[in-house]
Amino acid sequence: MASLPIENQTTNNRKSNKKKYFLENVSSKVFLFCALLSVFSLLLIIGFVFYKGSHPFIAEGYSFIDFIFGTDWVPSEDQFGIFPMIVASVYATIGALIIGVPVGLFTAIFLSELAPKSMAKIISPAVQLLAGIPSVLYGVFGLAIIVPFLQNNLGLAKGQSLLAVILVLAIMMLPTIVTVAETAIRAVPKTYREGSLALGASEIGTIFKVVVPAAKSGIMAAIVLGLGRAIGETMAVILVAGNSLIIPTSLTDSMRPLTTNIALEMGYAFGTHQEMLFATGIVLFSFILLLNFVLAKISSRGGN
């Protein structure tokens, strides 16, 4: 009779184990399904864009070289050249990096190394809140504040220009750069700082000669992510770019990046015109793919 409770307990344990293993199997299959769904969605988008974008060059005989290096975009006359848009996108992205990277990096250093905790608790959430602002509001801000400022202070007849785009994109990439770089800097072991200070280095010298080099992998990742945000932005750029189909030769020239071209014309385009816009998306996707490749290389190096 005394063995019955033990047998019941054993039976209950077996049932509990079976239930646990069943839940684990179900959970693993759900996770696998989600992962496959993500990959399938990516492949579906890439396949659709490449199918539509490559059709004019394969089936209709358009030259991809002329498409890349052509300077005229006149769909009504069957002219599709995106070189001015490529140059505009590159100029805007590089300009935004020149402004945004130093400001973002110095902000991250201040928040992680120098700011009092009470101040950091206020500034850090405020910077992160920038990431939640819709991009169109950045464009409205640029149109209402930056563009008139450039007109009134630089004497521009039209404030919508490459300089306005650079300033808006620099502001937009700040939360990405600051958040990722701050996390990377905070991850540097305290022993690095203590050792440097013990050897007689100043606090600023320790930051720039020890902490920042130790966090260079995360900082570079922050820069690449900010670069991706800048080159892929659309709505804010539409409002402040001026949308002129010319190669910008100065900061005061109006311009039209790749993303803006797709957004402005996709709504009414059809036939070859629409397919050329998808081809523009392929070029833009290639830029983003290159950025992801660079990010993967940086991440794989770790702290080396």
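A short reminder: the numbers here are calculations on the coordinates, not readings from a lab. Only a predicted model underlies this, so the values are computations on that prediction, with no experimental measurement involved. Positions of Cβ are backbone-derived with ideal geometry, glycine not excepted, and every protein chain shown enters the neighbour counts.
Annotation for the range 109-215: trypsin sites (Lys or Arg not before Pro) lying in DSSP loop with at most 14 further Cβ atoms inside 10 Å of their Cβ are Lys158. The separation of the range 217-280 from the range 69-116, counted between C-alpha centres, amounts to 9 Å. Taking label points 7 Å from Cα along the Cα-to-Cβ direction, Asp66 and Leu36 give a separation of 4.5 nm.
Applied to the range 102-111, the Karplus parametrisation 6.51 cos²θ - 1.76 cosθ + 1.60 on θ = phi - 60° returns per-residue 3J(HN,Hα) values of x, 4, x, 5, 5, 5, 5, 5, 4, 5 Hz, with x for Gly and Pro. For the range 238-247, 3J(HN,Hα) computed residue by residue from phi via the Karplus equation (6.51, -1.76, 1.60; θ = phi - 60°) reads 4, 6, 10, 7, x, 6, 8, 8, 9, 7 Hz, glycine and proline entered as x.
Classified by the C-alpha gyration tensor, the chain has an oblate form. Its axis ratio a/c, with a ≥ b ≥ c, is 1.5 or above, and a/b does not exceed b/c. Karplus-based coupling profile of the range 148-153, in residue order and whole Hz: x, 4, 5, 5, 7, 9, with θ = phi - 60° in 6.51 cos²θ - 1.76 cosθ + 1.60 and x standing for Gly or Pro. Near the amide H of Met266, within less than 5 Å, lie no amide hydrogens of residues on another chain or at least 5 residues away, with H placed in the peptide plane.
Is the shape of the range 38-94 best called rounded, prolate or oblate, per the rule: a/c under 1.5 gives rounded, else a/b larger than b/c gives prolate, else oblate, with a ≥ b ≥ c the square roots of the Cα gyration tensor eigenvalues? Verdict is oblate for the range 38-94.
Structure remark: mean-square fluctuation, Gaussian network model of the chain, C-alpha springs under 10 Å; the largest value among Gly271, Gly159, Gly100 belongs to Gly271.
Between Ser161, Met173, Leu150, the Cα set farthest toward the positive side of the dipole of the chain (charges on each charged residue's Cβ, about the Cα centre) is that of Met173. Helix-only arithmetic for the chain: the sum of -39500 (n - 2.57) across DSSP H runs with n ≥ 4, divided by the residue total, places the mean residue ellipticity at 222 nm at -24000 deg cm²/dmol. Near the amide H of Gln79, within less than 5 Å, lie the amide hydrogens of Val74, all on another chain or at least 5 residues away, with H placed in the peptide plane. Axis of helix 271-301 versus longest Cα principal axis of the chain: the two differ by about 50°, to the nearest ten degrees.
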